[in-house]
Amino acid sequence: MDNKKASEKLLGSIDVNHEDYKFGHTKVFFKAGLLGVLEEMRDEKLASLVGMVQALSRGFLMRREFSKMMERRESVYAIQYNIRSFMNVKTWPWMKLYFKIKPLLQSAETEKELANMKENYDKMTADLAKALSTKKQMEEKLVALMQEKNDLALQVASEGESLNDAEERCEGLIKSKIQLEAKLKETTERLEDEEEINAELTAKKRKLEDECSELKKDIDDLELTLAKVEKEKHATENKVKNLTEEMASMDESVAKLTKEKKALQEAHQQTLDDLQAEEDKVNTLTKAKTKLEQQVDDLEGSLEQEKKLRMDLERSKRKLEGDLKLAQESIMDLENDKQQADEKIKKKEFETTQLLSKIEDEQSLGAQLQKKIKELQARIEELEEEIEAERAARAKVEKQRADLSRELEEISERLEEAGGATAAQIEMNKKREAEFQKLRRDLEESTLQHEATAAALRKKQADSVAELGEQIDNLQRVKQKLEKEKSEYKMEIDDLSSNMEAVAKAKGNLEKMCRTLEDQLSELKTKNDENVRQVNDISGQRARLLTENGEFGRQLEEKEALVSQLTRGKQAFTQQVEELKRAIEEEVKAKNALAHGVQSARHDCDLLREQFEEEQEAKAELQRGMSKANSEVAQWRTKYETDAIQRTEELEEAKKKLAQRLQDAEETIEATNSKCASLEKTKQRLQGEVEDLMIDVERANALAANLDKKQRNFDKVLAEWKQKYEEGQAELEGAQKEARSMSTELFKMKNSYEEALDHLETLKRENKNLQQEISDLTEQIGETGKSIHELEKAKKTVETEKSEIQTALEEAEGTLEHEESKIMRVQLELNQIKGEVDRKIAEKDEEMEQIKRNSQRMVDSMQSTLDSEVRSRNDALRVKKKMEGDLNEMEIQLSHSNRQAAEAQKQLRNVQGQLKDAQLHLDDAVRVAEDMKEQAAMVERRNGLMVAEIEELRVALEQTERGRKVAETELVDASERVGLLHSQNTSLLNTKKKLETDLVQVQGEVDDIVQEARNAEEKAKKAITDAAMMAEELKKEQDTSSHLERMKKNLEVTVKDLQHRLDEAENLAMKGGKKQLQKLESRVRELETEVEAEQRRGVDAVKGVRKYERRVKELTYQTEEDKKNVNRLQDLVDKLQMKVKAYKRHSEEAEEAANQHMSKFRKVQHELEEAEERADIAETQVNKLRAKTRDSGKGKEVAE
């Protein structure tokens, strides 16, 4: 916010008269007394704020002290209550007995053990907190490293792309610079030549107009030449008119093209539907083009016939046609450049719209992903709340269990104190024991259910956390990709904007050039109106052909763009087909594996059924044995009741046997029950697995059918695209052939244009000579006549000199033709060099395509290895899940064993009750026998000992259960650590592979740059050799020009001598006739024209030398630029090598981190194995305790 606005708002919020101050530009102006009011307001506000802070702090401190006082008061009350109750109770006799018995009990030792266990638990929790803090730190470090790695990868990609873009821009700018410089030079040269020609023509025209009025009556021979010149003038005027009409038509076509541009922008969506119709049009246009070419050939034949008839007119025509062609070519080049610029602008606009749409789509995707992240976070919080509720419920259940155990201990102590109670107390004890057993069963069932629910919730939480972590990682990757693509699109938009500005500048320059050329054309039209009548038809036809050629060029570019799009589509479809094939292969493998699994499950199910039937038969036999034993027990009871007094000893022996049999039968029943339960569970599990496998098989079959359908559709689409691609290639080849033929025709036309220029220059020279001759004749006519005899002698000498001059001219013409042939050879060699360069470029393009294919293959192989690693990871996860399932089964079996132990204890108690009943009957029946009383007392003592041992076993069982739970928690933590370390290891491996692929790409780029540098060096060497060749040719041309200059000087000397002789002959021959004078003067003029022609040829040779010198300078400049480019490429290669070294360092650091994570993973595996060993030790302890309980039960029965 602006300071002025802030001060206005601040003063507006204060309760002050707003007329007492005013705002300036940088200050506020207050009235007198207002500052004092403001300071008073500030002091009041500060006082109120300080008072409020003091009140709040004092209230907070007093509340804290009050809460502490209340806690002290409650603690004092609790201590006083406990001391009061202890003082009241300590004099009671049962309390004294409790104080005496308490040191003898094992509960004190258990309390000590509990204290030790608590200390160990505190230590373990502290260690766990430390481990968790270190784990979090390591995870944070890992996340930071991953972010740094991603940032580095993004920087590397952006730098590589920026380098490529910069190189491409540099190359394009260099090429465009060279082309523009060449065009500039050509245009400047043309302008200079045309200005010279125009100046000469204007001077000649004025001289001719002045001299024609004077010499029309005297000279009849010049009338024919003047008529010819006038005809040529009319022809040029007609041509200029045609050119103006063509320019108007071109302006109209430009206006039409602008309108079409708008229409094309509006109807861009309909172009895709009309592509086939356009292809038909292209075919018809090619046919029309062939017809027009035939017509052109016919016209050219007729032109050749006319050339034979009119050789004199042909030279002038060629010159004018050359001028016309130059003008048309320049106009066509400008139009083509304009059209290309418009097309580029359209493409760039379309690309910008596409990029904007992509950016919007990506933003919407980002918003959706953020919404998903928020939903997942809310779900995690809900799950955490559920877990906390479950923990609270578990804590409550554990508290209830502890209360019940305390009550049980109190009841057992009371039972021990009241040892010699009556039968009513025994019955009460039985009821209490039954209630206690029920409570214990309920407690165990609730604990088992709670443990099962806790384990299920842990699994769910772990799965949900893993899924959420994966989703978050995926979202982060997608976010990084989107940011990267966004930056790339921004770079592309900036490049497009810079390109648009460059295109706009080029367009402005081209428009300026067009205006200048239009001005020049208007001047040419005014000067050359008479020379265009005879070339109207041919020029019109050629203009049409050129326009059609431009349209064909546009169509060719569109076809090339279509072909590139088709190739991209083809590549994308091939990649999709390969991915689908891989997916089909994977599903076929999974299908086969599922089929094998189904077969093995069926076989296992059959075996388990057979075992189940055998176990059921054994169970039936055991039940029969039990029924027999029960019947025998009933018989023995009846016999005992009848013959109790007589057969006490026999009954005792039978009793022992029956007890042994009962124990055997119970053990066999327990074993059969456990086997039956385990078999039923395995049967249910196998049935569920079979059903799941059948469902998976059906899904796999459906997926395979869908994939087959998709593959067929893709094959059809591929076949259609292949046909379209082949058709496009055929059309492209035809268009290339047509372009080549047109380029050859253009080359021919350029040659003819150059010949016409030469002819025009000769005509101009002849006109000058004629003008000079006319002036000389007028001067000579004004002078007195000379003697004819002396003129005839001079005529003979002149004829001899003329013959010598003609021979010299023929020799000069021969040398000039030789030089022209040399120039043609040089041009042909240049064309050959261009063809070789084009071939090399095509070979380089093919090599680049091969490199791209190889890289694509490498990517495919890397993808296959990635898929195999993903499969191995899935297999490992399946094995892990199987292990977890086995662990759960083991836990269930342990719970079953605990239940069986509880049932055995119940049966023991029932047997103990039966024994007590039997002892009561025996005491009632045999009160006389003192020996029996002593045995009963011994049995009771043993029973007490057994009860104590059972209590000890219960304590040991509880301890083992606690150890088992601790081991299970450790196992779960270890498995979670293993999963985390495995995921970290896989992510590091993926990053390593990505870095390796980036390294390979960078090395490929370095190799490409080295190859480009070598190619540039070779080009520089070739350019140097070409420059040397051109320098040699230049020397030869200079030698020939020096020879021609010598010849020119000799001819000038001879001409001067001849003129001196002519003057002498004129002085001698004053009486000669006019006709002979005119003939001699005409011959002299012819000789002078020949001399001037020689002079002009010398000037042309000098111009050619200058051109060659310019060419040499251009070649040297190109060599220097090539050297600079080579140096730049070398610098780039060095930079890339430095980057490669940096990448290697990063990859080594990543490998070190991976090794560290692997060592951590091994440590965690070792801890997991130790936890499994602890679980095995706990199971062995449980088995030992079961064996001890069985042995104690047998000992009891033996004692009874």
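Only the coordinates and a few stated rules stand behind these numbers; no lab work does. Quick caveat, the model's predicted, so the values are computed rather than measured. Don't worry about glycine lacking a Cβ; one is built from the backbone with ideal geometry, like all the others, and counts go over all protein chains shown.
Below is a table of values for the structure above.
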{"read-out": "Contour minus Cα-Cα distance for GLU140 and GLU410 (0.36 nm per residue)", "value": "91.9 nm"}
{"read-out": "Simple label model, 7 Å out from Cα along Cβ direction - ASP403 to GLU385, nm", "value": "2.8 nm"}
{"read-out": "Cα gyration tensor, region 51-148 - rounded (a/c under 1.5), prolate or oblate", "value": "oblate"}
{"read-out": "Cβ-derived FRET efficiency at R0 35 Å, GLN370 paired with ILE14, nearest 0.05", "value": "0.25"}
{"read-out": "ALA671 versus LEU184: modelled label distance in nm, points set 7 Å from Cα along the beta carbon direction", "value": "10.8 nm"}
{"read-out": "Net charge contributed by nearby residues that have their C-beta within less than 14 Å of LYS396 (K/R +1, D/E -1)", "value": "0"}
{"read-out": "Extended-chain gain in nm, criterion 0.36 nm per residue less alpha-carbon gap, ALA393 and ALA620", "value": "77.3 nm"}
{"read-out": "Three-way shape call for region 105-197 based on the alpha-carbon gyration tensor, with the a/c threshold at 1.5", "value": "prolate"}
{"read-out": "Two-site FRET efficiency, GLU689 against LYS710, from Cβ-Cβ distance with R₀ of 22 Å, rounded to 0.05", "value": "0.10"}
{"read-out": "Label-point separation, ILE79 to GLU1173 (7 Å along Cα→Cβ), nm", "value": "4.9 nm"}
{"read-out": "Difference of contour (0.36 nm per residue) and Cα-Cα distance, GLU548 to ILE493", "value": "16.3 nm"}
{"read-out": "Computed E for ARG1096/GLN576 - FRET, C-beta separation, R0 45 angstrom, nearest 0.05", "value": "0.05"}
